[in-house]
Amino acid sequence: METRDLTRPRGPIVIDIENITKDYVMGEETVRALRGVSLKIHRNEYIAIMGPSGSGKSTLMNMLGCLDTPTSGRYEFNGKNVAEMNDDELAAIRNREIGFVFQTFNLLPRSTSLRNVELPLIYAGIDPETREQRAAEVLADVGLGDRIHHKPNELSGGQRQRVAVARALVNRPSIILADEPTGNLDSKTGEEIMALFEDLYQRGNTIILVTHERDIAAHARRTVHLRDGLIESDHAGFIPEIDMATVG
Amino acid sequence: MPDLFRKSIWLRLAKIDMKRFLYELGESWKIAVAQMRANMTRSTLTALGVIIGIVAVTLMGTAIGGISIGFDKSMAVLGDDVLYVTQWPWKVVDDWWNYRDRKKIKTEYAEMLNRMIEKTPNSNLIVAVPTSSVFRSIKYGGNQVDNVFVLGTTSDFIVTSTIDCKEGRFFSDMESRGGASVVVIGYDVADALFPSESPINKSVLINGQLFKVVGVNTRQGTFLGLFSWDSMVAMPLGAFNKYFSAKPDSDVRVKVKDKTKLADAKDELTGLMRRVRGLAPEKSDDFSINEQQAFKSTLDPVKNSIAVAGLFITGLSLFVGAIGIMNITFVSVKERTKEIGTRKALGARRRTILLQFLIESTALCLLGGFIGLSFAYVMCLGIGKAFPSFPIQFSVGLVVASMIVSVMTGLISGFAPAWTASRLDPVTALRYE
Ligand SMILES: Nc1ncnc2c1ncn2[C@@H]1O[C@H](COP(=O)(O)OP(=O)(O)O)[C@@H](O)[C@H]1O
Ligand SMILES: [Mg+2]
């Protein structure tokens, strides 16, 4: 079922899940959010996960991001079995290997862009000078070099999401997980964020993107469709005009 | 070798962990302060219990300290290296009838004791001084002071008490032996009789008899109505006996060489007094030997009851304060559930979250502690202004103790909410709206 993006050589496997299920028990009822999902993701892939609302996209994303543990199934992250890791090890993986971008940005409202971006570095035990320097660099990279001392309420939605992207990138993670990153943005700002992701992809980052919008998904090189907790399709999404424009 | 290698890796990891811990600590403090700034009213109200607790504990400590110092100052008149031979012991006794029929202490004992002390090699005692006293009125010109403590003694008296003449001098050995009609007066007496002139060489009238003032003692201050030098006059025992023969109270006080060996000195003095009294070995002592310490311990119940009342108020308000802070920290955790989820997604560990909320509750308590201390300080200044005679002592020890109490309260009250926060499931926390 799996196909590949023919334009690039394959990197090593970063994410390998097999037959993952996730049940949520709500009193009498059990919601089966995932019902046996298998997926292999290589380094420097750009994947869109699509599907209708409630199909299990976020659940899968949380699983991949080591925020949640599966009810059954196997998950290897960078060759290590996630089921065997304890809480602190999972926190360390989230800190170093994974960069999250949320639909609602999830910035600390009272902290400046710089402080927000520094946060993962604090949890990584990086010293204050390096922290500040790296956070400022990454903010400049996402085009916010002149906004580092602004607080979230002094920034536009698109700028806030840029801060969030900078925060996801600052610890140089192996993959970036974005759950509907443009969901709260108008289409023009959404496109700006997508351009940012494209740039990151070109620089060698692995990107997993959850969306239910076709034109957002069109930026990815591979599209996985979910329906009712199962993978419906998984194919290379190759859109020539965008590819030509960016790869040149 | 591999062992050594492993050890060095462990050491490095421990170092990194320590550094991370410090960074997390710093970050938590910043958040806590920002949080308090953002909710200043709420924070101050919540800290109210702690504020009251700290005010109570500080004022209590100050009061106890003040009482001790004031008392010590008054007790300095008695001297901590002087033993007092008296008929009645300086304490409340249940069997008063055993003391009532004791022979009075006579001033002549002093001379007998002094002769014995001279003959004893390595005596722990220096000199015995007789004192007799009555209360009389003193007049000068149109001014009169009633109920003045009139003391008859020898010139050796100055070695047993903290006499310090601000004007003139204490009476001399010659005047003492000759029973000259001279007198040294206390500060308040001088102030009342001589409001606008120097008392030196003026003659005051006591009991219809003229006495020449040779010295005025410096102001000592009174405390809680305790005995003070300020309302006292002293004259040679010879003169005293001549004019105040009617039933004076007499004691003998003995200066001790080394106040660290007070017990030995007491034993020695007991032996000498038994010889003076000619007691057979099987007879029990028919006199009492007292020291300043006995007076001090009479104050202990007062200090203890202040301490108990203070601790009760402190405990109660800190308890109420702790519950308030626990509550507000729970609210804070609830309000920021999504933030906790985000932090966890970014790599915060359970410990990090636990620390963050513990520090928030501690910071609140410290805020309360600081406000409480400032209040207490201002109140102490006020009390000091209103009652200058009450020695106020606002000590560093109290500040440190209050801070420790605040921190402990913060840690205890913050623990339950912080623990809950640290255990939150990241996904549930992120979905929270
Ligand atoms: N924490 C949870 N508790 C109970 N049910 C949940 C929870 N998370 C997700 N679900 C349910 O699982 C299903 C999949 O949800 P989700 O992964 O959020 O879908 P999507 O992101 O594709 O819209 C939904 O039916 C949702 O109601
Ligand atoms: Mg979703």
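FYI, it's all coordinate maths here, none of it is from the lab. Worth saying up front: this structure is predicted, and the values here are computed from it rather than measured. For neighbour counting, all protein chains shown are included, and Cβ atoms are generated from backbone atoms with ideal geometry for every residue, glycine included.
Numerical summary
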item	result
Cα centre as origin, Lys/Arg/Asp/Glu Cβ charges: the protein assembly as shown dipole, Debye	1500 debye
Set of lysines near B:Lys385 by C-alpha distance (under 25 Å), chain-local residues within fewer than 8 positions excluded	B:Lys73, B:Lys303
Cβ-based exposure ranking for A:Glu118, A:Glu192, B:Glu118, in which fewest neighbours within 10 Å come first	B:Glu118, A:Glu192, A:Glu118
Lysines with Cα under 21 Å of B:Lys334, excluding same-chain neighbours fewer than 8 positions away	B:Lys30, B:Lys344
Average beta carbon contacts from partner chains per residue of A:10-17, 10 Å cutoff	0
Fewest-first sequence of B:Glu291, A:Glu154 by Cβ atoms within 10 Å of each Cβ	A:Glu154, B:Glu291
For A:88-95, mean number of other protein chain Cβ atoms within 10 Å	5
Neighbour-count order for B:Cys380, B:Cys165, fewest beta carbons within 10 angstrom listed first	B:Cys165, B:Cys380
Full-stretch length increase - B:Asp285, B:Val400 - with 0.36 nm per residue and alpha-carbon distance subtracted	36.5 nm
The range A:123-208: trypsin sites (Lys or Arg not before Pro) in DSSP loop, at most 16 other beta carbons within 10 Å	A:Arg203
Inter-part distance where the range B:411-433 and the range A:81-142 are each reduced to a Cα centre, Å	20 Å
Relative contact order, percent, chain B [alpha-carbon distance under 8 Å, six or more residues apart]	27 percent
Chain B: angle of helix B:300-335 to the longest principal axis, Cα-based, in degrees nearest 10	10 degrees
Within the protein assembly as shown, helix-based [θ] at 222 nm, where runs of 4 or more DSSP H residues each add -39,500 (n - 2.57), nearest 500	-16000 deg cm²/dmol
Antiparallel DSSP beta bridges within the protein assembly as shown, percent to nearest 5	70 percent
Computed log₁₀ I(q)/I(0) - Debye formula, equal Cα scatterers, no solvent, the protein assembly as shown, q 0.07, 0.11 Å⁻¹	-0.66, -1.10
Inter-label distance for B:Leu48 and A:Asp215, nm, one decimal - labels placed 7 Å from Cα along Cα-to-Cβ	5.7 nm
